[in-house]
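These notes concern the structure reproduced below.
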Amino acid sequence: MKNPKQSIVSEPEAELPELLQRLAVGKALRTDVPRASHAAWKPGKKRRDILKLLEQSNKGRVEDLIPIRYGRMLQSPFAFLRGAANIMAFDLAESPVTGVKVQAGGDSHLMNFGEFGTPERNLIFDINDFDETLSGPWEWDIKRLAASVMVAARYRNFPERNCLEAVYASVASYREKMAEYAHMSPLDRWYARIDAQALVNLGRTTDIRKKRAEETAHARAQTVEHLLAKSTEIINDKHRIKDSPPLIYHPKDDLGFEDEMRNFFHLYRHTLPSDRKSLIDQFELVDVVMKVVGVGSVGTRCAVALFMAHGHEPLFLQFKEARASILEPYHGKSQFGCHGQRVVEGQKLMQSASDIFLGWARSSETGIDYYIRQLKDMKSSINIDTIQLPEFIDYAGFCGWALARAHAKSGNPAAISGYLGKSNVFDLALGEFSQAYADQTEADFETLKKRYKLEKL
């Protein structure tokens, strides 16, 4: 992927020696952890039982929804990878790391990136899922991204050389962008963002640029008014979210559930800044449903609430359960007592712009932690089933770029850049790693397939 023409903001001359020192510290890490060492992957010394690991991750989930989780994971090896983040964390526990930590996403596969609207109503490209975020090694995020690129490319039946090309695009983009961010001032890194229009302009052909422009226009059209028309119906002169069981439904104890959500909403409100409290107080809760979302999140509790102002101006909020991060067993517990707060604080640290309604709370009735955000606010993501090879390779590079920006914002980009260097040694290593891990993922998928037949779910 070619980098856009972008000026690099150099640090003041007086600070250059310090920058060089930080780069040198990173370069020195290659002695104990050679960049080529990241190529190898094989099951560690601990007994690896993926069925047991999946069962462990099901603890605390809504039991009736677990078959849906397995059903979605069994659609393809790529779907399996998306739903098996805890398995990959287990696998990476014995992999080489430099010791340089960042605010890690924990589940940075390529479908957890996309376009969305900023509070200023600009459209940007960034990471958009933070359920597993925690302080951790940067290597784990880039390895999960690289593995997901390889598994997704194979799922599309792209030639293996092109699968590797896409992996190299993601890793090279991460490495090159990290070098740019290392030379920026902390403020410039903090302000940096990836404008959606920049990605349109980077299209290598007129057709690709046209397609991206259409996708950007589609994302801009995903407004709350569009969602209201699509997702609700009028019953007794009031808007009500449409049921679509078993994925969207009003619980049987509708009144009790709504009362619980109202109580929870007041707890959530206290986590918002005062200006956002003033804004949300202008809306009234009119309906709430349970919703099954994602692949790895299936079985966790998720509610969608419809709020209205003046009877016709809508706001949709998603209340999503926050569980312990899959990184905790290997990198320690979060500093935050509420996992909802862990997700929110991690998201704010990693994203270049975040939802104005982002907040958290713990249910007083159940003790379950949640985080809250708007639902589908100018959001879009790629269609992995239809994307063509040239655009897929570019997209992999965009994901590497966004991941580098997130890590640079929270960590030590000079140390990481010094370690990665200017050559493609690390890129090639992760190419080998992604192939080996894709092989393992495909084998794990077959293991699950044998155990849980689709027709029995």
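Values in this text are rule-based calculations from the coordinates and carry no lab data. Keep in mind that this is a model prediction, so the values were computed, not measured. Neighbour counts run over all protein chains shown; Cβ positions are idealised from the backbone, glycine included.
Assorted remarks:
- 3J(HN,Hα) along the stretch 206-219: 4, 4, 5, 4, 5, 5, 5, 5, 5, 5, 5, 5, 5, 4 Hz, from the Karplus curve 6.51 cos²θ - 1.76 cosθ + 1.60 with θ = phi - 60°, whole Hz, x for Gly and Pro.
- Taking the three principal axes of the alpha carbon atoms in the stretch 360-427, the coordinate ranges are 55, 37, 19 Å, sorted in descending order.
- Charge dipole (debye, nearest 20) of the chain; +1 at Cβ of Lys and Arg, -1 at Cβ of Asp and Glu: 1000
- Per-bin percent of Cα-Cα distances, the stretch 275-427 [10 Å]: 9, 27, 33, 22, 7, 2
- Signed unit charges on C-beta, dipole axis of the stretch 224-374, positive-most listed residue F283, S334, A305: S334
- HN-Hα J in Hz across the stretch 187-194 - Karplus 6.51, -1.76, 1.60, θ = phi - 60°, x for Gly and Pro: 5, 5, 5, 5, 7, 4, 8, 9
- Here D394, D141, D281 are placed in order of increasing Cβ neighbour count within 10 Å, fewest first, which gives D281, D394, D141.
- Taking the Kirkwood radius as Rh and the Cα radius of gyration as Rg, the chain has a ratio of Rg/Rh equal to 0.96.
- Centre-to-centre separation between the Cα atoms of the stretch 365-408 and those of the stretch 258-296: 23 Å.
- With θ taken as phi - 60° and the Karplus curve 6.51 cos²θ - 1.76 cosθ + 1.60 applied, the whole-hertz 3J(HN,Hα) list for the stretch 130-141 is 9, 4, 9, 4, 5, 5, x, x, 5, 4, 5, 5 Hz, x standing for glycine and proline.
- The count of lysine pairs in the stretch 224-374 whose Cα atoms are under 23 Å apart, excluding pairs fewer than 8 places apart on the same chain, comes to 17.
- The magnitude of the dipole of the stretch 224-374, with charges of +1 and -1 set on the Cβ of Lys/Arg and Asp/Glu and taken from the Cα centre, is near 500 debye.
- Viscosity 1.306 mPa s, 10 °C: Kirkwood-radius Stokes-Einstein D of the stretch 202-338 over Cα pairs, µm²/s: 89
- Residue (of I382, S57, A322) at the positive-pole extreme of the chain, dipole from beta-carbon charges: S57
- Counted by Cβ distance under 15 Å from P34, the other residues give a net charge of -1, where Lys and Arg count +1 and Asp and Glu count -1.
- Among T223, T98, T386, sorting on how many other beta-carbon atoms sit within 10 Å of each Cβ, with the fewest leading, yields T386, T223, T98.
- On the beta carbon distance between N236 and S278, with R0 = 30 Å, the FRET formula returns roughly 0.50.
- Distant-in-sequence amide H partners of V100 (H built 1.01 Å from N, under 5 Å): none
- Footprinting exposure proxy for K238, K252, K291 (fewest neighbouring C-beta atoms within 10 Å first): K252, K238, K291
- Estimated D of the stretch 226-273 in µm² per second, where Rh is the Kirkwood radius over Cα pairs and Stokes-Einstein applies at 37 °C, 0.692 mPa s: 258
- For the stretch 303-362, the spread of Cα positions along each principal axis, largest first, Å: 49, 25, 15
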